[in-house]
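The values are calculated or read from the model by the stated rules, or taken from the named source; none is laboratory data. If you're wondering where the values come from, they're calculated on a predicted model, not measured in any experiment. Here the Cβ positions follow ideal geometry from the backbone for every residue, glycine too, while neighbour counts run over all protein chains shown.
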Amino acid sequence: MEDVNLGLLFSRQSSGTCSAGSLAEEATCVQESTCNGAFFPNQCGTGSECCFIRSCNISQGNGLCKNDTRDACDGLWYTGDPFDPPCPGDSSIRCCIAFANLNNGTDTDDSSDSNNSSNGLTGSQIGGIVGGVVGGVIVLAALFLIFLFGYWRKRQRNRQNADIVETVDGDRKENENGRGRFVNEVEAREVAELDGNERRELDGHGQAVYELEGGSVVDGRQR
């Protein structure tokens, strides 16, 4: 695969050199928004930006060194060997290989090397993780509130049912007591009427009944 032609990248560059930040290497001032490598703001005059162009050749393909927090990459980012990185500078300067220049021809992130994880999480990845954790906490809190509400409703229903049972039992006992009193009154009335009838029948026959201590006399005879 052919190397990147660096001469074509500075077709509209302005004069002057600049400091490429942490790269500790010389860069060139170019017209703003024309840098195809890693650019550094506030290093050149108005309308220009400090542009650092460095090609990176690794097993996955040929690309350009760019700043993964600021520059766009129409392909995949690669960190490479942390002890011998393909790009100079700090960990934010990584090798960007366009999809068309990938050796395996893939255009998915699955082709990124395992060394990407050694570079730590990017801001978007951290934001996604934090968002997921916050969302999970909100869901758990909502489920907990639903559980508490259901438990409270169940306790209320049980309490109402217990009150209904107590009311029914009390009414039944009152009804039973009322019927008992009524039966006792009827029996007492019937006994009194029976005693009165027997008394009248005895009186009709001219018989007198005397209750004496130790015995009774009926028709003049003691029994």
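Taking the criterion of being at pLDDT below 80 and either under 48 Å from the mean Cα position of the chain (by Cα) or part of a loop (DSSP other than H, G, I, E, B) (or both), the residues of segment 21-35 that qualify are G21, S22, L23, A24, E25.
With respect to (1) surrounded by 15 or more Cβ atoms within 10 Å (Cβ to Cβ); (2) at pLDDT 80 or above; (3) of a type outside the set (F, W, Y); (4) in a loop (DSSP other than H, G, I, E, B), the lone exception for G89 is condition (2).
Residues in segment 41-84 that are more than 9 Å from C96 (Cβ to Cβ), part of a strand (DSSP E or B) and hydroxyl-bearing (S, T, Y): S48, S55.
The number of residues in segment 61-85 that are over 41 Å from the mean Cα position of the chain (by Cα), crowded, with 21+ Cβ neighbours inside 10 Å and more than 26 Å from E32 (Cβ to Cβ) comes to 2.
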